[in-house]
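Every number here is computed from the coordinates shown, using simple stated rules; none is lab data. Here the structure is a predicted model, which means the values were calculated and not measured. Cβ: placed from backbone, ideal geometry, glycine included. Neighbour counts: every protein chain shown.
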Amino acid sequence: MSRVILAPEADSDLWEIAWYIARRNLPAACRFIDSVYEKGELLASNPQLGRRREELAPDLRSFPVGPFVLFYRPGRGGIEIARKALCNQTSSQ
């Protein structure tokens with residue numbers, strides 16, 4: 001089974017966004033967290049699915065998760081979700 005590793009900063013990003021969503025809509029926050037983990041598992045099994053983002057950092061890739069973009073690096077046996085893992089798509093493209 002492929003692994004998904006969240007860098008400490010990425011974990012912080014995830015929970016900060018989820019908390020923001022939860023203040024308005026708790027079920028939506030739960031769906032958001034689930035979708036991030038589901039996409040993480042998909043990418044860990046298929047790390048080349050994401051778009052190459054060499055212009056941002058070596059070996060970096062990105063993949064959309066709802067209105068956000070997940071940034072990650074393929075690694076041995078899975079992926080590592082990188083710092084600033086989630087950001088609004090309108091500001092990252």
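Residue separation times 0.36 nm, minus the C-alpha to C-alpha distance between Glu54 and Arg24: what's the value?
7.2 nm
How would Phe63, Phe71 line up from fewest to most surrounding beta-carbon atoms within 10 angstrom?
Ascending number of Cβ neighbours within 10 Å: Phe63, Phe71.
If one takes the longest principal axis of the Cα atoms in the chain, at what angle in degrees, from 0 to 90 and to the nearest 10, does the Cα axis of helix 26-45 lie?
10 degrees
For P(r) over Cα pairs in 10 Å bins from 0, in percent, several values are listed as (i) 13, 22, 21, 17, 16, 10, 1; (ii) 18, 52, 26, 4; (iii) 11, 19, 16, 19, 21, 12, 2; flag the one computed from this structure.
Read-out taken from this structure: (ii).
Where the centroid of each part is defined by its Cα atoms, how far is the range 46-64 from the range 24-40 in Å?
Here the two parts' Cα centres lie 22 Å apart.
For Arg3, what residues show an amide H to amide H distance below 5 Å, using hydrogens built from the backbone and excluding near sequence neighbours?
Gly78, Ile79
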